[in-house]
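Read the structure below first, then the notes.
Every number in this text was worked out from the coordinates using simple rules, so none of it is lab data. Bear in mind that the values here come from a model prediction, so they are computed numbers and not experimental data. Please note: Cβ atoms are built from the backbone with ideal geometry, for glycine as well, and neighbour counts cover all protein chains shown.
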Amino acid sequence: MAEDKPVALEPRNEAADGRRYSPSTARNREPIRDVFAAQGLGTGRALEIASGTGEHGAFLTEQFPELRWTYSDIDADGRASQSAWKAAAGHDRLSGPLVIDASSDDWGNAEAGGWDLIVSMNMVHISPFAATEGLLRGAGRLLAPGGHLLLYGPYARNGEIAPSNAAFSESLKSRDAAWGVRDLDLELFPLASRAGLQLQAVTEMPANNLSVVFRRP
Ligand SMILES: C[S@@+](CC[C@H](N)C(=O)[O-])C[C@H]1O[C@@H](n2cnc3c(N)ncnc32)[C@H](O)[C@@H]1O
């Protein structure tokens, strides 16, 4: 349902220490945790692109004690919330936030590479397509061999789109003409293939979202 999709303008609660909470994360964090478990993503070094409030990294590192997580975002308010989540964590496996614009081919300190996992949730449809192109290029450039890219969000499939996702896409486009729900098969798979990534799994998630896992051979 459209109201389950986080957008940049989604109302967010903020704790006194600066940690922000988004209603959609409370609903999707456990299904995403289950995908991490099923796809073997719960260990090693993860780089998150577009971390937003920072809640996913905090929750997933709590759930997976062998997971290390680096936050990043293009947005300073998001990075402030990510710093607050890092400060509040009862462990030292949260790092960053890095300043990363996914559309750029220079991801700063993340360029050292060797990442076991690159994660991006709910950015692809809420940014110009250049951010998705840069995200896939970055994953191809910076994942360790055997590393994974996880994308989470709403997608069309081969030209077909669920009515709730079509309505959501129209509402996004009315806010910014460069935003919109992308087609996994027609738009994302060609970028993944160009970046040398192989599809590992597509998992149906609540509210017509998908988790998509690619692997760098
Ligand atoms: C809807 S929020 C999603 C946040 C979080 N991943 C989640 O699922 O709750 C979209 C995020 O994408 C970030 N973003 C938009 N364009 C970006 C870009 N070109 N590079 C990096 N982050 C970007 C925004 O700053 C925002 O934090």
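Laid out as a table, the results:
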quantity: Selection count, the stretch 98-109, where residues are more than 26 Å from LEU184 (Cα to Cα) and crowded, with 19+ Cβ neighbours inside 10 Å; calculated: 1
quantity: Elements of type strands (runs of 3 or more DSSP E) in the stretch 31-102, at least 2 residues being in contact (Cβ under 8 Å) with a residue 60 or more places away in the chain and touching a His at 6+ places or on another chain (Cβ under 6 Å); calculated: none
quantity: Residue match in the stretch 151-170 (condition: small (Gly, Ala, Ser), surrounded by 14 or more Cβ atoms within 10 Å (Cβ to Cβ) and within 21 Å of SER51 (Cβ to Cβ)); calculated: yes
quantity: Looking only at the stretch 38-73, and only at residues there that are under 13 Å from the mean Cα position of the chain (by Cα) and of a type in the set (Val, Ile, Thr), the one that is nearest to ALA131 (Cα to Cα); calculated: ILE49
quantity: Which listed residue, of SER95, SER120, is within 10 Å of the ligand (Cβ to nearest atom), small (Gly, Ala, Ser) and either surrounded by fewer than 23 Cβ atoms within 10 Å (Cβ to Cβ) or closer than 19 Å to THR61 by Cα (or both); calculated: SER120
quantity: Pairs with Cβ under 9 Å, 6+ apart, first in the stretch 131-145 and more than 14 Å from LEU117 (Cα to Cα), second among the aliphatic types (A, V, I, L, M) and surrounded by fewer than 19 Cβ atoms within 10 Å (Cβ to Cβ); calculated: ALA131/ILE74
quantity: Residues (surrounded by 14 or more Cβ atoms within 10 Å (Cβ to Cβ) and of a type in the set (S, T, N, Q)) located in the stretch 172-215; calculated: SER193, GLN200, THR203, ASN208, ASN209, SER211
